[in-house]
Amino acid sequence: MAEKHGSLSINSENIFPIIKKWMYSDHDIFFRELISNGCDAITKLKKLALIGEYTEPDDAKYSIHINVSSKDKTIEFIDNGLGMTGEEVEEYINQIAFSGAEAFLEKYKDKTNEDQIIGHFGLGFYSAFMVAQRVTIDTLSYKEGAKAVHWECDGGTEFDMKDGDKAEVGTKITLYLNDDSTEFSNEYRAKEVISKYCSFMPYEIFINNADDTEEKTEIIEKDELLESDTIIEEIVEEAKMKEIEDEDGNKKTVEASPAKNQYKIKKRPVSLSDTSPLWTKHPNDCTDEEYKAFYRKVFNDYKEPLFWIHLNMDYPFNLKGILYFPKINLEFESAEGVIKLYNNQVFVADNIKEVIPEFLMLLKGVIDCPDLPLNVSRSALQNDGFVKKISDYITKKVADKLTGMCKTDKDNYEKYWDDISPFIEFGCLKDEKFAEKMNDSILFKNLDGKYLTFKECVDNASGAENSEGGEDAEEKAWEKAEDKSEENKDPEKKPEIKIFYVTDEVKQGQYIKMFKEAGKDAVILKHGIDQPFIQRLEQKNEGVKFLSIDSDLSEGLAEEEDENVLKEKADKLTEMFRKILGKEELEVKAQKLKDTKIASMITVNEDSKRMADMMKMYGTGNTPDGMDEYGQCLVLNTSNNLVNYLLDNPEGDNAELIAKQLYDLARVSHGPLSPDAMADFIARSNEIMEILTK
């Protein structure tokens with residue numbers, strides 16, 4: 001072929017600056033593009049062999065080889081795919097943006113499957129110019145009588161193309177790196193990038209450091225020897241003997257270890273690509289240990305995942321993957337997971353939110369979908385309704401897994417619940433369809449550590465006994481509640497069913513003790529997401545109200561007392577405590593609690609509590625001035641001797657001391673005091689002990 005010079009056929013003379021600066025966000029992505037092109041070339045050749053248009057050699061073994069040289073500042077990408085003729089180089093390389101994959105598919109559209117061809121746009125090759133000052137191509141087509149072609153370009157619009165000297169079918173692309181990109185010719189940096197983008201390419205990938213001339217060897221046993229191994233030396237180890245004494249005391253020599261042959265061989269190359277990743281297999285063919293090993297390998301996380309979901313779908317779109325539910329300590333770790341998105345085993349990006357619903361970002365996993373509508377750089381999705389269908393499918397599969405586990409493996413489901421409940425609740429808030437499917441699989445842990453469904457919580461709160469669930473049980477629950485709530489006889493409005501909850505088992509320990517002694521129950525809600533979640537349940541279930549365990553001490557915890565007498569005591573105590581404490585807005589309530597040892601407690605209005613929690617969650621993280629006491633009520637127990645002493649001796653010598661101490665005791669049992677208040681409390685406690693010793 002005579003040497004010829006020409007200009008690249010492009011629509012804009014500024015195409016190279018665009019490719020170099022704007023098409024790809026990461027310059028290291030050229031590894032992915034050029035290796036993908038090599039994989040495409042191999043896939044096409046195998047397709048041609050399959051349909052009888054190419055005869056494969058008996059020893060055909062397809063792979064990608066990458067040679068790096070820090071000394072020469074070069075990287076070579078070598079594949080043994082179908083190669084190119086001069087005309088094809090003219091068509092696919094010199095005419096930028098003409099996709100070889102598209103042309104191949106069009107020609108063989110009745111005989112091949114588009115899903116197995118990676119390339120779509122024909123621009124991947126030009127990513128090389130982001131890092132190279134000069135690029136050469138040496139290629140030889142599989143076609144009979146084809147001549148080798150050499151092509152080179154220095155990043156401008158001019159190129160050289162002539163006959164080449166390549167003797168084997170395939171393509172070699174050589175990058176002569178610019179001064180800013182020489183890091184990529186380092187073997188370890190190259191391995192790092194290849195591992196990032198190409199760990200699961202469909203063909204083996206080998207890297208060779210051309211600067212390393214020292215021959216690497218390894219020792220293997222005889223039964224490990226392969227025909228392809230290059231033997232450097234045979235190592236014969238003689239049998240080892242030892243002398244022993246038998247039962248009769250006679251000495252004899254026996255073989256301690258047999259003779260064996262070992263071989264020193266040229267070190268076998270190790271592929272950087274797992275060509276058959278676990279997600280490409282059928283779930284029935286995968287073991288638990290394989291799932292765990294894959295998790296450790298991909299995410300470098302040696303804490304075992306709780307469980308996983310294997311996605312395997314061929315219709316109406318092709319999608320495979322594995323989603324892992326990791327064990328996360330929300331107090332100390334980020335709740336952000338990692339879901340890697342692949343296209344035909346080619347890495348695209350992490351956590352693309354158009355594909356992965358936001359609430360599933362807590363998970364770790366891989367999704368491989370050849371049908372994804374990618375943009376030109378294959379690094380992001382194009383806006384397409386098809387993506388929403390994929391997202392909906394993933395959501396459905398997660399819901400199916402969880403509801404199925406709740407029905408058939410309840411013990412394990414309960415064991416996992418504390419870890420998975422935050423993102424399930426978040427999912428219910430974000431996705432109505434997910435919420436509907438999960439409705440009967442949402443659990444609440446009660447004070448005894450038992451897990452209850454929402455319906456069971458309603459039944460327990462309303463006093464339904466021996467319930468078997470379902471609509472009849474729910475109706476019975478409402479009937480029980482109606483019997484208890486004479487003030488709610490409006491036929492158009494269901495009576496209120498109160499489900500009490502605990503947010504801090506330590507701070508609310510005194511209230512929990514009272515509840516248990518009274519035979520009452522509560523559920524534990526300690527995550528920030530619990531508050532908006534229970535509000536959703538209240539909106540969806542008219543008449544159901546969640547109340548903090550420290551918001552109401554009347555039902556079941558107090559004895560009946562004449563209302564007029566109780567009001568008189570409350571008015572007297574309110575006036576006294578406001579005056580002594582200097583808090584004119586202090587709300588005081590008198591109640592005759594069953595536990596006579598308790599003198600004072602704090603209750604918090606539920607709406608005020610939720611407002612404070614919301615401000616902490618969405619605000620600056622600090623409670624505004626006064627918010628700590630906002631909605632609080634001081635409850636004084638009229639069954640307690642100290643409270644009765646104050647009622648009988650409002651002007652007594654120790655009335656002020658006792659009143660302040662009862663107020664602080666109530667606050668201490670509800671939460672920590674401020675430093676100044678704690679100092680006053682300690683000083684006052686010492687003063688009381690001194691009075692007792694006089």
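The values are calculated or read from the model by the stated rules, or taken from the named source; none is laboratory data. Remember, predicted model here, so these are calculated numbers, not experimental data. Using ideal geometry, Cβ is built from the backbone for each residue, glycine included, and neighbour counts are taken over all protein chains shown. Please note that ligands, DNA and RNA were not included when accessible areas were found on the heavy atoms of the full protein model with its side chains. Shrake-Rupley method; radii C 1.70, N 1.55, O 1.52, S 1.80 Å.
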Going through (1) of a type in the set (A, V, I, L, M); (2) modelled with pLDDT of 90 or more; (3) assigned to a helix (DSSP H, G or I); (4) within 24 Å of Tyr511 (Cβ to Cβ) one by one, Ala683 fails only at (4)
Cβ pairs under 7 Å, 6+ apart or interchain, first in the range 408-422 and under 15 Å from Trp308 (Cα atoms), second assigned to a helix (DSSP H, G or I) and at pLDDT 90 or above, ordered by first then second residue, are Asn412/Met405; Tyr413/Met405; Tyr413/Cys406
**Asked** Just wondering, is there one or more residues in the range 118-137 that are among the aromatic types (Phe, Trp, Tyr), out of contact with any Leu (no Cβ under 8 Å at 6 or more places or on another chain) and open to solvent by less than 30 Å² (accessible area, probe 1.4 Å)?
**Response** yes
Inside the range 259-275, the number of residues satisfying the requirement of being in a strand (DSSP E or B) and either of a type in the set (A, V, I, L, M) or more than 21 Å from Glu227 (Cβ to Cβ) (or both) is 1
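Restricting attention to the range 112-137, report how many residues are at pLDDT 50 or above, under 14 Å from Ile35 (Cβ atoms) and not small (Gly, Ala, Ser).
Going residue by residue through the range 112-137, those that are at pLDDT 50 or above are 123-137.
Checking the rest, the ones that are also under 14 Å from Ile35 (Cβ atoms) come to 124-125, 127-128.
Subsequent filtering for residues that are not small (Gly, Ala, Ser) retains 125.
Of the residues in that region, 1 qualify.
For the range 138-164, name all the residues that are of a type outside the set (Ser, Thr, Tyr), outside any loop (DSSP other than H, G, I, E, B) and surrounded by 15 or more Cβ atoms within 10 Å (Cβ to Cβ). Give the steps one after another, and end with the answer.
In the first step, residues of the range 138-164 are kept if they are of a type outside the set (Ser, Thr, Tyr); the result is 138, 140, 143-156, 158-164.
Retained after the next criterion (residues that are outside any loop (DSSP other than H, G, I, E, B)): 138, 140, 149-153, 158-163.
Residues satisfying the conditions are Asp138, Leu140, Val149, His150, Trp151, Glu152, Cys153, Phe159, Met161, Lys162.
Looking at the range 314-362, which of its residues are charged (D, E, K, R), touching a strand residue (DSSP E or B) at 6+ places or on another chain (Cβ under 8 Å) and either assigned to a loop (DSSP other than H, G, I, E, B) or modelled with pLDDT under 85 (or both)? Spell out the reasoning first.
First, the residues of the range 314-362 that are charged (D, E, K, R): 314, 320, 327, 331, 333, 336, 340, 350, 353-354, 358.
Retained after the next criterion (residues that are touching a strand residue (DSSP E or B) at 6+ places or on another chain (Cβ under 8 Å)): 320, 340, 350, 354.
Once the filter is applied, which keeps residues that are charged (D, E, K, R), touching a strand residue (DSSP E or B) at 6+ places or on another chain (Cβ under 8 Å) and either assigned to a loop (DSSP other than H, G, I, E, B) or modelled with pLDDT under 85 (or both), the range 314-362 yields Asp350, Glu354.
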Residue hits (the range 269-284; open to solvent by 40 Å² or more (accessible area, probe 1.4 Å), closer than 26 Å to Lys216 by Cβ and polar (S, T, N, Q)) are Thr275
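For the range 468-479, state whether one or more residues are outside any helix (DSSP H, G or I), surrounded by fewer than 18 Cβ atoms within 10 Å (Cβ to Cβ), modelled with pLDDT under 85 and within 35 Å of the chain's Cα centre (by Cα).
Of the residues in the range 468-479, the ones outside any helix (DSSP H, G or I) are 468-469.
Restricting the remaining residues to those that are surrounded by fewer than 18 Cβ atoms within 10 Å (Cβ to Cβ) gives 468-469.
Those still in the list that are modelled with pLDDT under 85 too: 468-469.
Checking which are within 35 Å of the chain's Cα centre (by Cα) leaves us with 469.
For the range 468-479, residues outside any helix (DSSP H, G or I), surrounded by fewer than 18 Cβ atoms within 10 Å (Cβ to Cβ), modelled with pLDDT under 85 and within 35 Å of the chain's Cα centre (by Cα): present.
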When every residue in the range 557-592 that is loosely packed, with under 13 Cβ neighbours inside 10 Å and touching a residue at least 24 places away in the same chain (Cβ under 8 Å) is compared, the one nearest to the chain's Cα centre (by Cα) is Glu559
Only one of Glu192, Glu243 is closer than 30 Å to Trp279 by Cα and of a type in the set (Asp, Glu), namely Glu192
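This table checks each residue for (1) among the acidic types (Asp, Glu); (2) farther than 30 Å from Thr43 by Cβ.
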| site | (1), (2) |
| --- | --- |
| Glu227 | yes, no |
| Ile235 | no, yes |
| Lys242 | no, yes |
| Lys297 | no, no |
| Asp301 | yes, yes |
| Glu304 | yes, yes |
| Phe317 | no, no |
Pairing a residue in the range 273-287 that is closer than 21 Å to Tyr203 by Cα and free of Cβ contacts under 8 Å to residues at least 60 places away in the same chain with any residue that is surrounded by 11 or more Cβ atoms within 10 Å (Cβ to Cβ) and of a type in the set (S, T, N, Q), where Cβ atoms lie under 8 Å and the two sit 6 or more apart in sequence or on different chains, gives His282/Asn312
Only one of Glu238, Glu255, Glu245, Glu304 is in contact with a Lys or Arg (Cβ under 7 Å, 6 or more places away or on another chain), among the acidic types (Asp, Glu) and either more than 25 Å from Ser199 (Cα to Cα) or modelled with pLDDT under 85 (or both), namely Glu245
Those residues of the range 363-387 which are open to solvent by 10 Å² or more (accessible area, probe 1.4 Å), more than 25 Å from Ile29 (Cα to Cα) and either at pLDDT 80 or above or β-branched (Val, Ile, Thr) (or both) amount to none
Given the conditions (1) in a helix (DSSP H, G or I); (2) within 23 Å of Lys520 (Cβ to Cβ); (3) at pLDDT below 80, every one holds for Glu487 apart from (1)
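Scan the range 438-462 for residues that are of a type in the set (S, T, N, Q), under 18 Å from Ser548 (Cα atoms) and modelled with pLDDT of 90 or more and report the count.
Looking only at the range 438-462, we keep the residues that are of a type in the set (S, T, N, Q), and these are 439, 441, 446, 453, 460, 462.
In the following step, the residues that additionally are under 18 Å from Ser548 (Cα atoms) were identified as 446, 460, 462.
In the following step, the residues that additionally are modelled with pLDDT of 90 or more were identified as 446.
Number of matching residues: 1.
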Of (1) open to solvent by less than 40 Å² (accessible area, probe 1.4 Å); (2) more than 42 Å from the chain's Cα centre (by Cα), Phe77 fails just (2)
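Is it the case, given these coordinates, that Glu13 is in a loop (DSSP other than H, G, I, E, B), more than 16 Å from Phe184 (Cα to Cα) and either of a type in the set (A, V, I, L, M) or at pLDDT below 95 (or both)?
Working: in a loop (DSSP other than H, G, I, E, B): yes; more than 16 Å from Phe184 (Cα to Cα): yes; either of a type in the set (A, V, I, L, M) or at pLDDT below 95 (or both): yes.
Against the criterion (in a loop (DSSP other than H, G, I, E, B), more than 16 Å from Phe184 (Cα to Cα) and either of a type in the set (A, V, I, L, M) or at pLDDT below 95 (or both)), Glu13 qualifies.
Of Lys545, Lys520, which residue is surrounded by fewer than 20 Cβ atoms within 10 Å (Cβ to Cβ), among the charged types (D, E, K, R), over 19 Å from Ser421 (Cβ atoms) and within 34 Å of the chain's Cα centre (by Cα)? Spell out how you get there, then give the answer.
Numbers: Lys520 fails: within 34 Å of the chain's Cα centre (by Cα).
Matching residue, one of Lys545, Lys520: Lys545.
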Note on Ala167: of the conditions (1) modelled with pLDDT under 85; (2) open to solvent by 60 Å² or more (accessible area, probe 1.4 Å); (3) out of contact with any Asp or Glu (no Cβ under 9 Å at 6 or more places or on another chain), unmet is (1)
Note: among Asp154, Asp138, Asp212, Asp163, just one is over 26 Å from Ser70 (Cα atoms) and either in contact (Cβ under 8 Å) with a residue 12 or more places away in the chain or not aliphatic (A, V, I, L, M) (or both), namely Asp163
Over the range 229-258, the set of residues exposed (fewer than 10 other Cβ atoms within 10 Å of the Cβ), part of a strand (DSSP E or B) and among the polar types (S, T, N, Q) is Thr253
